[in-house]
């Protein structure tokens with residue numbers, strides 16, 4: 001493939017071209033030239049757009065593609081299409097499938113079925129057998145088969161002893177434990193932040209302490225085991241303070257936040273829109289302010305989509321009965337662009353470079369001679385998410401027919417190019 005990108009602002013803190021408006025020539029999957037002007041004569045494909053920006057390919061650390069088991073909600077191929085449309089060239093798949101990804105057979109299924117696609121899929125293995133929280137899974141075998149990390153995803157590991165053993169075991173072969181913190185003995189399961197809004201709705205709220213107690217426990221366990229830990233989907237002011245303090249003390253801990261927790265307050269739930277029912281729940285203004293500060297000062301390393309497709313049967317219900325989760329891949333960048341308060345360089349660090357660093361993966365660099373793993377985007381372009389533009393098999397997005405700012409122009413990876421699919 002031969003592709004010429006014209007007049008694009010390079011956004012890559014590791015590139016000598018960072019901040020410059022350059023033409024970029026790609027041939028057979030490699031960046032062969034980067035300079036102010038490259039003649040387009042004879043070039044088969046030329047990409048131009050208003051306010052065009054170019055960065056290393058974006059990488060999402062947390063998405064559920066529902067395959068195997070719930071392919072009517074999403075499958076690997078539709079998930080890849082959604083990722084492409086959202087600007088991603090790499091996605092980490094959570095193990096909450098049916099059966100769960102708890103052995104090398106399931107890991108190899110994901111890798112083999114997704115091979116050769118534009119978007120690279122990285123399956124996470126279940127920390128415990130069948131996500132049941134009782135016994136450790138076959139983590140070492142899964143690591144050898146390609147598991148990028150280990151987590152029980154939305155099923156919190158309530159046993160401190162089990163998590164401690166997992167930290168020690170993965171430490172022996174360089175594995176990474178990813179923890180989603182929620183003390184189920186305190187959590188209500190209704191996915192509404194505890195506060196004035198939950199009172200107005202007449203629902204028992206999710207107290208922030210349910211998350212913060214588990215964050216505290218997991219940080220102590222990681223320190224005791226002298227092991228790396230990634231805490232995902234943090235959502236409260238207290239969690240930010242705990243992780244900031246742990247980092248100051250030198251603990252090898254990293255953390256991520258979901259894009260919707262930056263963009264939406266719990267007051268949005270007064271509409272009773274079940275597409276806004278997510279976990280962790282939408283929080284209050286002080287929590288969002290603390291999350292944004294945590295992003296800017298480096299406490300939060302990564303922003304995730306937490307892409308979770310759900311069919312209408314699980315969403316068109318009374319609020320307390322609906323399944324939590326929303327689509328995230330196609331709207332993640334616009335939400336971060338509109339609500340995070342970060343510069344474009346800071347955004348790219350959080351959604352392209354840091355995720356790969358956390359997982360120990362090499363990250364792309366925009367420079368001559370490097371492999372072309374690239375996202376093209378226009379930060380100032382506005383668009384409306386139409387239902388017909390959703391690439392997932394499900395439609396559980398609260399942003400349908402809403403105006404968004406920040407549009408995907410295209411993605412390049414493995415000598416493949418896909419143009420943006422949004423409105």
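Remarks
- When the chain is treated as a GNM with alpha-carbon contacts under 10 Å, the residue of 44, 289, 407 showing the greatest mean-square fluctuation is 44.
- Given R0 = 25 Å, the distance between the Cβ atoms of residue 1 and residue 361 translates into a calculated FRET efficiency of 0.60.
- Nearest 10 degrees, 0 to 90: helix 76-85 Cα axis against the chain principal axis: 60
- A simple spin-label model places the labels of residue 115 and residue 129 3.0 nm from each other, with each point 7 Å out along Cα-to-Cβ.
- Residue 370 versus residue 171: modelled label distance in nm, points set 7 Å from Cα along the beta carbon direction: 3.5
- Residue separation of residue 384 and residue 313 scaled by 0.36 nm, minus their Cα-Cα distance, works out to 23.0 nm of gained length.
- Dimensions (Å) - the chain, Cα atoms, principal axes, largest first: 66, 49, 43
- Relative contact order (percent, whole number), the chain, Cα cutoff 8 Å, 6+ residue spacing: 20
- Ordering of 133-140, 180-187 by packing is 180-187, 133-140, highest average first (other Cβ atoms within 10 Å, averaged per residue).
- Cβ-derived FRET efficiency at R0 56 Å, residue 321 paired with residue 20, nearest 0.05: 0.60
- Taking the C-alpha atoms only, the angle from helix 285-296 to the longest principal axis of the chain is near 50 degrees.
- Axis angle, to the nearest 10 degrees, between helix 237-248 and the longest C-alpha principal axis of the chain: 70 degrees.
- Extension reserve of the residue 419-residue 50 stretch, reckoned as 0.36 nm per residue once the Cα distance is removed: 131.4 nm
- Among 27, 310, 212, the largest mean-square fluctuation in a Gaussian network model of the chain (Cα springs under 10 Å) belongs to 27.
- Of 91, 199, 411, the one that fluctuates the most in a GNM where the chain has Cα springs shorter than 10 Å: 199
A short reminder: the numbers here are calculations on the coordinates, not readings from a lab. Just so it is clear, the structure is predicted and the values come from calculations on it, not from any experiment. Every residue, glycine among them, receives a Cβ derived from its backbone with ideal geometry; neighbour counts consider all protein chains shown.
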